[in-house]
1. Within the range 242-251, is even one residue touching a strand residue (DSSP E or B) at 6+ places or on another chain (Cβ under 6 Å), of a type in the set (D, E) and either closer than 27 Å to A83 by Cα or in contact (Cβ under 8 Å) with a residue 24 or more places away in the chain (or both)?
2. Examine the range 242-249 for a residue that is at pLDDT below 95, under 24 Å from L180 (Cα atoms) and in a loop (DSSP other than H, G, I, E, B), and state whether such a residue exists.
3. Out of curiosity, is S151 within 29 Å of D274 (Cβ to Cβ) and among the polar types (S, T, N, Q)?
4. Residue pairs, Cβ under 7 Å, 6 or more apart or interchain, first in the range 132-145 and closer than 12 Å to S5 by Cα, second of a type in the set (D, E, K, R) and not in a strand (DSSP E or B). List them.
5. Across the range 280-303, what is the number of residues that are within 17 Å of V8 (Cα to Cα) and either in contact with a Ser or Thr (Cβ under 8 Å, 6 or more places away or on another chain) or in a loop (DSSP other than H, G, I, E, B) (or both)?
6. Among the residues of the range 231-241, write down those that are within 22 Å of E299 (Cβ to Cβ) and either part of a helix (DSSP H, G or I) or among the hydroxyl-bearing types (S, T, Y) (or both).
7. When residues of the range 23-38 are filtered for being surrounded by fewer than 21 Cβ atoms within 10 Å (Cβ to Cβ), in contact (Cβ under 8 Å) with a residue 24 or more places away in the chain and under 17 Å from Q249 (Cβ atoms), how many remain?
8. For the range 179-209, which residues satisfy the criterion of being more than 19 Å from the chain's Cα centre (by Cα) and of a type in the set (S, T, N, Q)?
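The values are calculated or read from the model by the stated rules, or taken from the named source; none is laboratory data. Just so you know, these numbers come straight off a predicted model, no measurement behind them. Every residue, glycine as well, gets a Cβ built from its backbone with ideal geometry; the counts of neighbours run over all protein chains shown.
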Amino acid sequence: MARRSRLVGVGGFLPERIVTNVELASKLDTSDEWIRTRTGITCRHIAAPHDTATSMGAAAAARALSYAGLKASDIDAILVATATPDQAFPATAVRIQAELGMTSGFGYDISSACSGFVFALTTADSLIRSHQAQRVLVIGSEVYSRILDWSDRGTCVLFGDGAGAVILSASESNDGRGILTTHLHSDGQLRDLLYVDGAVGQPEKSGKLRMSGRDVFRHAVEKLSSSVDEALSSCHLTRENIDWLVPHQANIRIIERVAKKLSLPADRVVITVDRHANTSAASIPLALDEAIRDGRIREGELIIMEALGGGLTWGTVLMRL
């Protein structure tokens, strides 16, 4: 009997402050219509001074534990996908481990930008399948507002802050539920299409996000569509078998183009980008949390998650809830 990773908990956290397009338009050469028609975004949540990747991630994790009916001591590992950690080290994962009161297990961060949650979920699945962990807490937590150039309307209007978390648990059941397959990719030749121009090791740089939007859009549609087909093919499934697409929430046009290529109707795609903007590694778990809690996604349904981010990195996770 195959050992699989089953989703047993979901949780999310969004900062209290909501910034609308109208507010941004009062400070930038842009408008609510310009932002909405090009991105689908109407507003975004922005972190308060006391909000951090750790505090938001811990809040999302606590809600996921509550959903699953588990205690922090039941978790064997914490994986945090983030491009905006509190410190260069220690990892945000071990800081969250301390916030949750865990005194055992292990944790580490994964940095794959907007693809981070997919990469972290894949890693957690591998830990469970190889019997290195029984339950893994996977978190995406981002405070992109602190790495944005707020004078650049081409990037600052796109992003928001937040955190999402899921819990994977080992299952020996033969009911077909759990993560079926994962597929990861990267192409470093495309690294300059989406990046942050600085880091701890480059103090002379500004440390702000830079993006070649048109190129990223083109690669996203092409690579995400082919990655979804790759995942389905590996399980001898077709596009018609998909119940839900839970995409990275980068841009409504990208989401719609990928859904169209997959012949998925709009009511089978989970959309949160309109209210959350692009929360990078937090976007997929936040969308999962919303759609599972409100009853849209139900047990037994086939879900495809996909994301593309800086690197370029991209990948998919195929799962039956």
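1. Within the range 242-251, one or more residues are touching a strand residue (DSSP E or B) at 6+ places or on another chain (Cβ under 6 Å), of a type in the set (D, E) and either closer than 27 Å to A83 by Cα or in contact (Cβ under 8 Å) with a residue 24 or more places away in the chain (or both).
2. Among the residues of the range 242-249, not one is at pLDDT below 95, under 24 Å from L180 (Cα atoms) and in a loop (DSSP other than H, G, I, E, B), which makes the answer no.
3. Yes.
4. Note: pairs meeting the criteria are A133/D76; Q134/D76; R135/D74; R135/D76; V136/D76.
5. 11
6. Residues satisfying the conditions are A231, L232, T238, R239, E240, N241.
7. 1
8. Q189, Q202, S206
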